[in-house]
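Here's the structure, in structure tokens; my notes come after.
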Amino acid sequence: MSASPLLKVEGLKVSYGHIEAVKGIDFELHEGQITTLVGANGAGKSTTLLALSGLVKKAAGRVVLGGQDLTPLSPHKIVASGMVQVAEGRATLTTLSVRENLELGGYTRRDSRAQRADDLDHIYTLFPRLKERSDGLAGNLSGGEQQMLAIGRALMAKPRVLLLDEPSMGLAPIIVQDIFRTLREINKAGLTVFLVEQNVRQALKIADRAYVIETGKIVLEGDGRELLGNPKVQDAYLGG
Ligand SMILES: Nc1ncnc2c1ncn2[C@@H]1O[C@H](COP(=O)(O)OP(=O)(O)OP(=O)(O)O)[C@@H](O)[C@H]1O
Ligand SMILES: [Mg+2]
């Protein structure tokens, strides 16, 4: 018997004016797994994440996290419920220090100072580079380091589900591998991850479960590794 999903999305639709960007999709995230949603430019990946985070209006559908219906909730309440999206790679606050950026990530929690200091230490263990640059301005970090900072900041909110929109974007392959390795490490420690990616190969490699989206519809789903070997996926996304 398989456990019930941590997050269940049913019949999600999103429109921009008369353009239907997401056309009624269903998917599930299971606790402790990495689930990925992959697809080409304009397929509807970011729109799906924005809808989960409450940042675009859902035209239809339901989003349920651990039995709680998040569908009508504001972005702020969605974060408080434990679903936290990593900010776009370069969206760190460049005129604040690395530490200040991380502390901001935890500010919605009513934890004690000591607890927050522990949380910060944990982030520095995951990302030693951030510790080294702790007092430096976020604006002076490399692209890869800024992506790590964005992930670290989201982790400071202690999410139950971490949402990421193309963390590999614009980064060199070796940095992408580093970031994906860290994601897996965080996941192994128990965090449920929903990763949206155009980098289909890397995403399928680390995913337990995967969905392929094309023009607003889910066209394939399965085990990550299994989809990596699927001829349709290879033809369409992996260069044959
Ligand atoms: N603010 C907007 N207003 C109007 N149309 C939009 C808006 N944002 C996205 N779209 C359209 O919705 C569709 C889905 O876009 P979305 O950004 O979700 O795709 P994506 O899969 O994230 O693509 P990419 O890989 O390029 O980031 C596209 O046709 C896009 O042009
Ligand atoms: Mg996108």
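Residue check, GLN198 against (1) open to solvent by 30 Å² or more (accessible area, probe 1.4 Å); (2) out of contact with any strand residue (DSSP E or B) (no Cβ under 9 Å at 6 or more places or on another chain), all met but one. Which one?
Failed condition: (2).
Considering each residue of segment 26-58, count those that are over 22 Å from LYS77 (Cβ atoms) and touching a helix residue (DSSP H, G or I) at 6+ places or on another chain (Cβ under 7 Å), and give that number.
5
Restricting attention to segment 81-112, which residues are within 16 Å of the chain's Cα centre (by Cα) and farther than 18 Å from PRO167 by Cβ?
SER81, GLY82
Which residues, counting only those in segment 182-198, are touching a helix residue (DSSP H, G or I) at 6+ places or on another chain (Cβ under 7 Å) and not in a helix (DSSP H, G or I)?
VAL193, LEU195, VAL196, GLU197
Could you list, in sequence order, all residues of segment 1-56 that are among the hydrophobic types (A, V, I, L, M, F, W, C), open to solvent by 10 Å² or more (accessible area, probe 1.4 Å), in a loop (DSSP other than H, G, I, E, B) and within 16 Å of ligand 2 (Cβ to nearest atom)?
Across segment 1-56, the qualifying residues are ALA40, LEU55, VAL56.
Name every residue in segment 208-232 that is open to solvent by less than 10 Å² (accessible area, probe 1.4 Å) and in a loop (DSSP other than H, G, I, E, B), in order of residue number.
GLY216
The values are calculated or read from the model by the stated rules, or taken from the named source; none is laboratory data. Quantities reported herein were computed from a predicted structural model and do not represent experimental measurements. Note that we place each Cβ from the backbone using ideal geometry, even for glycine, and neighbour counts take in every protein chain shown. Keep in mind that these areas ignore ligands, DNA and RNA; they rest on the heavy atoms of the full protein, side chains included. Shrake-Rupley method; radii C 1.70, N 1.55, O 1.52, S 1.80 Å.
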